[in-house]
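**Q** I'd like to ask some things about the structure below.
The values are calculated or read from the model by the stated rules, or taken from the named source; none is laboratory data. The structure presented is a predicted model; accordingly, all values stated were derived computationally and were not measured. Cβ sites come from the backbone with ideal geometry, for glycine too, and all protein chains shown count toward neighbours. The accessibility values were calculated without ligands, DNA or RNA, using every heavy atom of the protein model including side chains. Shrake-Rupley method; radii C 1.70, N 1.55, O 1.52, S 1.80 Å.
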Amino acid sequence: MTGLFITFEGTEGCGKSTQINALAARLQNQGQQVLQTREPGGTPLGEAVRNLLQHDKAGAGMSPEAELLLFTASRAQLTRERILPAIAKGEIVLCDRFMDSTTVYQGVARQIDSQAVAAINRFAVGEARPDLTILIDLSPEVGMARVHARCDGELDRIEQEAIEFFQAVRTGYLKLAESEPERFLVLDGSASVETLERQIWAAVQPRLG
Ligand code: Z5A
């Protein structure tokens, strides 16, 4: 029995969590077993690494290379502890970010050598590859306005980057999606929550066993 592995990608505030929650509820209502998880995080080790990457003072001044290795360390643990076992049991895995985030944030926006990023990414995930990746494309200006409205001015370490950083991320995602059209579904994140829900369901439903 093999399950289905779906990842969600996009810039800050694009609506991933909202859509993952809605899709998980819909699938569970149909009696499907769903693993809903996120990156960085998803395991006790990964959540500790997440805190270092985003909030802990020890993470201030982190080098791009250390950042790359911490994101992929969290992913290596999540993949082995939760994702691969769930897929093997036939479950549907919904993951908020996966290896494409590293390709784009560390490879494109932080400008770390793309071959090094690809090799470290491959090492971290072993044979795990998403069956479907939903990219919710949104202008960083709109996404950051949503983040500001939500967080009362408290931004984490990465959210404090300049808008140009997130523009590079957005462009990087669109290029990546163009290079793998069979895996990516690109959606307009400025559409309503309900429209996005319908588009995602239309892509997921035919893939259910
Ligand atoms: N990162 C990295 O650099 N390298 C890596 O390898 C990995 C990650 C894995 C993780 O952040 C950070 O780590 C992230 C990338 C980096 N960088 N930053 N900054 P996170 O997990 O804390 O946050 P996020 O992944 O960026 O997601 P988010 O900010 O929580 O947003 P979201 O989940 O995409 O959106 P949301 O929470 O569903 O919606 C945001 C708000 O918009 C909320 O108030 C909603 O009610 C509203 N919303 C949602 N959909 C809509 C629509 N359609 N219209 C209007 N309003 C909407």
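**Q** Just grab the label-to-label distance for residue 146 and residue 207, each label 7 Å out from Cα along the Cβ direction, in nm (one decimal).
**A** 2.0
**Q** Give the Cα extents of region 131-209 along the principal axes, in whole Å, largest first.
**A** 43, 28, 19
**Q** Return the tail of the calculated pair distribution for region 78-190, meaning the percent of Cα-Cα pairs more than 22 Å apart.
**A** 41
**Q** Here's a follow-up. Karplus couplings for region 81-90 from phi (6.51 cos²θ - 1.76 cosθ + 1.60, θ = phi - 60°), rounded to Hz, Gly and Pro as x?
**A** 7, 10, 5, 4, x, 5, 4, 5, 8, x
**Q** Once label points are set 7 Å from the Cα along Cα→Cβ at both residue 167 and residue 155, what is their separation, rounded to one decimal in nm?
**A** The two pseudo-label positions are separated by 1.5 nm.
**Q** Which value in deg cm²/dmol, rounded to the nearest 500, describes the helix-derived mean residue ellipticity at 222 nm for the chain, given -39,500 (n - 2.57) per DSSP H run of n ≥ 4 and division by the residue count?
**A** Only helices count here, giving -14500 deg cm²/dmol.
**Q** Run the Debye formula on the Cα coordinates of region 53-98, all scatterers equal and no solvent, and tell me log10 I(q)/I(0) at q = 0.17 1/Å.
**A** Log10 I(q)/I(0), no solvent term: -0.60.
**Q** Apply the Kirkwood formula to the chain: the hydrodynamic radius equals the inverse of the mean of 1/r over all pairs of different alpha-carbon atoms; give it in Å with one decimal.
**A** About 17.4 Å for the chain.
**Q** Right, something else. Using a probe radius of 1.4 Å on heavy atoms only, what accessible surface per residue do you get for the chain? Whole Å² is fine. Write down the numbers at each step before the final one.
**A** Working: 10060 Å² over 209 residues.
Per-residue value: 48 Å².
**Q** Further, regarding this structure: Over the Cα atoms of region 70-130, each weighted equally, I'd like the Debye log10 I(q)/I(0) at q = 0.12 Å⁻¹, rounded to two decimals.
**A** Ignoring solvent entirely, the Cα scatterers give -0.29.
**Q** Where the centre of each part is set by its Cα atoms, how far does region 136-153 sit from region 5-34, in angstrom?
**A** 19
**Q** Semi-axes of the equivalent ellipsoid for region 9-95, please: Cα gyration tensor eigenvalues, times 5, square-rooted, ordered largest first, whole Å.
**A** 27, 16, 9
**Q** Would you please give the residues with an amide H less than 5 Å from that of residue 15, counting only those at least 5 places away or on a separate chain, with H modeled from the backbone geometry?
**A** none
**Q** A further question follows. Which value in nm describes the separation of the simple spin-label points at residue 139 and residue 122, placed 7 Å from the Cα toward the beta carbon?
**A** Simple spin-label model gives 3.9 nm for this pair.
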